[in-house]
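Colleague: The structure under discussion is supplied below as structure tokens; questions concerning it will follow.
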Amino acid sequence: MKQAKITISRWRYLLLVAVLFMLPVAGLWHIAGLQVLTDVDKGFEFLQGQGQARTVRTEAIPAYRGVITDSRGEPLAVSTPVVTLWANPQVIDSTSPGLTGLAKQLSMSRDELQQRLSRYSNKEFMYLARQVTPEQAEEVLRLEIPGVYGQGEYKRFYPAGEVTSQLVGFTNIDDRGQEGMELAFNERLTGVPGAKKVLKDLKGRVIKDLTLVRSEKPGQNLALSIDLRLQYTAYRELKAAVAKHQAASGSVVMLDVQTGEVLAMANQPSFNPNDRSRMSSDSLRNRAITDLVEPGSTMKPLTVLAALESGKFVPETVIDTNPGSIRVGRKTFYDHRNYGLIDLTTLLVKSSQVGTTKLALQMDPTHVRDMFFRMGLGQSPGTGFPGESPGSLPEHRRWKPVERANFAFGHGLSATALQLAQAYAVLASDGVKKPLSLLKVDRIPEGEQVVDAKLVSRLREMMSSVTRPGGTATRAAIPSYEVAGKTGTVHKVGKSGYEKNRYVALFAGMVPADNPRLVTVVIINDPRGGEYFGGAVAAPVFANVTADALRMLKIPPKVKSGDKVVTLGKGKPGGAT
């Protein structure tokens, strides 16, 4: 019994010692545990805060769209840096006082801004403002409103404004071509965006560029064929003529005979691509390439050329136009007066309907049509411009006499100003048809011989008389230069046929006549100011535009010395300066 008591006492003693030992240990453990857990919580909060404050994002690097220039390197379309402001509605605090300042920067009321944020409340993205200046964006981002961000982009700017608008075209807000050369060569002009990883803070500001994922690739530049100096002249003279004659519209096209380059292409009405708020659908079209007209008497030289080519006629062939009118079927054609007996040169000088009709009725109509086709009519010029029209060149199985007559002086077919210019360029280049180009050409194209050079040279001599005293186009004459050309005046075609007292005035010409370097076509649509003949309305525009071009391109004049024609100085190629 005594031994048992001793054993129990020992056990109690050991238990007491153990408890006394564990109490301080447990206390220390508890204290340490509390400290560790507190540190862990704080560490988590710290890391969470850092994660919220700094995030790694992949950000696009916008690619620079290629520059469009004229043939001399003058910029026609360039890209300028802008910033697009956007927001995450789920991050923005709608009660934040900063929204008042943000709304003011966005030119709206706070209520309007909150309504927009409410509409996008279930989205993580909404635009605040597209393509603002970097300075404007800085004002907004300086407010430091969580959920408001900025993204760098580029915006297109057009230095020449309305002078080149229909030709150059424009891009949309996403920098994609919508009209003109911007659309035609969009793929070439468009660059490839790059990407980079960046570290951003909670307010969307880039703290640090981390790594480059891929470099951006800028778009290719595009050099057009036009010379901006000539383009300005063409635009100025056309705009003045359309206003003076109260016309509905007009077009001017100038070609370099040697290269086939379009040196100028102007239209009225026009628009400013930098301010599209006043842009109308009527002003968008590049009328010189898309709008069709009956070319009228500007086709008479081609009819005469077909007659010469047939071998049945020579320039001295006499045609009896008495009594100044001719009846074909149920239709009677009139001259302005009775010209009597005339040769083919006088036919062109007086623009005789009677003479042209008699000439046409003695020829195979398919021969005349074939001549027109070889000159480029009834087919697309092939410039690649959006909406380029091929015109119309009818082909009848059986040609009625009245159809043959109408066709010979440019009725019953249609063409654009560019097509008419191409046809006259064939006459200017000794019967060689060259491809037309809206892009700068590095070398002179060979072209195709479509008609005998000697016949064409003789025809140009005949056409030179049209601008001399007694001709229908004396107002197209340019001092010290021989001009070969032809006027045209046609009734406008409406839904029910030809419209009375509504006209289209035309002039097409080339200079210098003996060795042409430039071809210019002028079309004035629906002049209402009293004058409407091509010689009175379109010819002066030709003279003013072409005279300036001859001077700018340093194409030397020719003066008569006795019976000889003397060239003053040496000129450079039409497309050079």
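Colleague: Just checking, how many residues over region 144-178 are in contact with a Pro (Cβ under 7 Å, 6 or more places away or on another chain), surrounded by 15 or more Cβ atoms within 10 Å (Cβ to Cβ) and assigned to a strand (DSSP E or B)?
Modeller: Within region 144-178, residues that are in contact with a Pro (Cβ under 7 Å, 6 or more places away or on another chain), surrounded by 15 or more Cβ atoms within 10 Å (Cβ to Cβ) and assigned to a strand (DSSP E or B) number 3.
Colleague: I would also like to ask the following. Out of region 96-121, which residues are among the hydroxyl-bearing types (Ser, Thr, Tyr) and touching a residue at least 12 places away in the same chain (Cβ under 8 Å)?
Modeller: Selection gives Ser96, Ser118, Tyr120, Ser121.
Colleague: Let me ask another. In the list Lys208, Lys200, Lys239, which residue meets the criterion of being more than 24 Å from the chain's Cα centre (by Cα), surrounded by 15 or more Cβ atoms within 10 Å (Cβ to Cβ) and among the charged types (D, E, K, R)?
Modeller: Lys200
Colleague: Then there is this: Consider region 382-414. How many of its residues are assigned to a loop (DSSP other than H, G, I, E, B), touching a residue at least 60 places away in the same chain (Cβ under 8 Å) and not aliphatic (A, V, I, L, M)?
Modeller: Of the residues in region 382-414, 13 are assigned to a loop (DSSP other than H, G, I, E, B), touching a residue at least 60 places away in the same chain (Cβ under 8 Å) and not aliphatic (A, V, I, L, M).
Colleague: Okay, moving on. For Phe372, indicate whether it is surrounded by 21 or more Cβ atoms within 10 Å (Cβ to Cβ), aromatic (Phe, Trp, Tyr) and either outside any loop (DSSP other than H, G, I, E, B) or more than 30 Å from the chain's Cα centre (by Cα) (or both).
Modeller: yes
Colleague: If you take the residues in region 322-362 that are among the charged types (D, E, K, R) and either outside any loop (DSSP other than H, G, I, E, B) or in contact with a Phe, Trp or Tyr (Cβ under 7 Å, 6 or more places away or on another chain) (or both), which one is surrounded by the most Cβ atoms within 10 Å (Cβ to Cβ)?
Modeller: Per the criteria, the residue is Lys350.
Colleague: Hey, another quick one. Mind checking which residues of region 370-396 are in contact with a helix residue (DSSP H, G or I) (Cβ under 6 Å, 6 or more places away or on another chain) and small (Gly, Ala, Ser)?
Modeller: Gly376, Gly384, Gly387, Ser389, Gly391 - these are the residues of region 370-396 that are in contact with a helix residue (DSSP H, G or I) (Cβ under 6 Å, 6 or more places away or on another chain) and small (Gly, Ala, Ser).
Colleague: Name the one entry in Ala505, Ala536, Ala543 that is crowded, with 24+ Cβ neighbours inside 10 Å, more than 24 Å from the chain's Cα centre (by Cα) and under 14 Å from Gly488 (Cβ atoms).
Modeller: Exactly one residue qualifies, and that residue is Ala505.
Colleague: Here's something else I'd like to know. Among the candidates Ser107, Ser71, Ser118, which residue alone is part of a loop (DSSP other than H, G, I, E, B) and surrounded by fewer than 14 Cβ atoms within 10 Å (Cβ to Cβ)?
Modeller: Going through Ser107, Ser71, Ser118 in turn, just one is part of a loop (DSSP other than H, G, I, E, B) and surrounded by fewer than 14 Cβ atoms within 10 Å (Cβ to Cβ): Ser107.
Colleague: When you look at Phe533, is it within 25 Å of Pro556 (Cα to Cα) and of a type outside the set (S, T, N, Q), yes or no?
Modeller: For Phe533, the condition - within 25 Å of Pro556 (Cα to Cα) and of a type outside the set (S, T, N, Q) - is not met.
Colleague: Select, from Thr133, Thr80, the only residue that is surrounded by fewer than 13 Cβ atoms within 10 Å (Cβ to Cβ) and either among the acidic types (Asp, Glu) or closer than 24 Å to Glu216 by Cβ (or both).
Modeller: That would be Thr80, the only listed residue that is surrounded by fewer than 13 Cβ atoms within 10 Å (Cβ to Cβ) and either among the acidic types (Asp, Glu) or closer than 24 Å to Glu216 by Cβ (or both).
Colleague: Look at Thr80 and say whether it is more than 26 Å from Met181 (Cβ to Cβ), of a type outside the set (Asp, Glu) and either outside the structural domain of Pro386 (by TED's automatic domain parsing) or not in a strand (DSSP E or B) (or both).
Modeller: Answer is no for this residue.
Colleague: Tally up the residues in region 481-501 that are over 22 Å from Ala408 (Cα atoms), at pLDDT 95 or above and of a type in the set (D, E, K, R), please.
Modeller: So the count comes out to 1.
Colleague: Next question, about the same structure. Just one of Phe507, Phe542 is in a strand (DSSP E or B), among the aromatic types (Phe, Trp, Tyr), within 21 Å of Ala266 (Cα to Cα) and touching a residue at least 40 places away in the same chain (Cβ under 8 Å); which is it?
Modeller: Testing whether each residue is in a strand (DSSP E or B), among the aromatic types (Phe, Trp, Tyr), within 21 Å of Ala266 (Cα to Cα) and touching a residue at least 40 places away in the same chain (Cβ under 8 Å) leaves just Phe507.
Colleague: Just to verify a result, which residue in region 177-218, among those that are touching a Gly at 6+ places or on another chain (Cβ under 9 Å) and β-branched (Val, Ile, Thr), is farthest from Ile68 (Cα to Cα)?
Modeller: Filtering region 177-218 for residues that are touching a Gly at 6+ places or on another chain (Cβ under 9 Å) and β-branched (Val, Ile, Thr), the one farthest from Ile68 (Cα to Cα) comes out as Val213.
Colleague: Looking only at residues that are under 17 Å from Ser351 (Cα atoms) and either among the polar types (S, T, N, Q) or in a loop (DSSP other than H, G, I, E, B) (or both) in region 306-321, which one is nearest to the chain's Cα centre (by Cα)?
Modeller: Pro315
Colleague: Still on this structure: Going through region 264-295 one residue at a time, which ones are under 28 Å from Gly410 (Cα atoms) and either free of Cβ contacts under 8 Å to residues at least 12 places away in the same chain or of a type in the set (Asp, Glu) (or both)?
Modeller: Correct list: Asp282, Asp291, Glu294.
Colleague: If you don't mind, there's one more thing I want to ask. From the list Leu308, Leu348, Leu359, exactly one residue is under 27 Å from His396 (Cα atoms) and touching a Gly at 6+ places or on another chain (Cβ under 9 Å). Which is it?
Modeller: The match here is Leu348.
Colleague: Quick one: which residue in Val493, Val483, Val441, Val450 is among the hydrophobic types (A, V, I, L, M, F, W, C), within 29 Å of Ser71 (Cα to Cα) and surrounded by fewer than 18 Cβ atoms within 10 Å (Cβ to Cβ)?
Modeller: Every option except Val450 fails the conditions.
Colleague: More than 18 Å from Ser79 (Cβ to Cβ) and part of a strand (DSSP E or B): does that describe Tyr127?
Modeller: yes
The values are calculated or read from the model by the stated rules, or taken from the named source; none is laboratory data. These numbers were taken from a predicted model, which means no experiment stands behind them. As a convention, Cβ positions derive from the backbone with ideal geometry for all residues, glycine included, and neighbour counts pool all protein chains shown.
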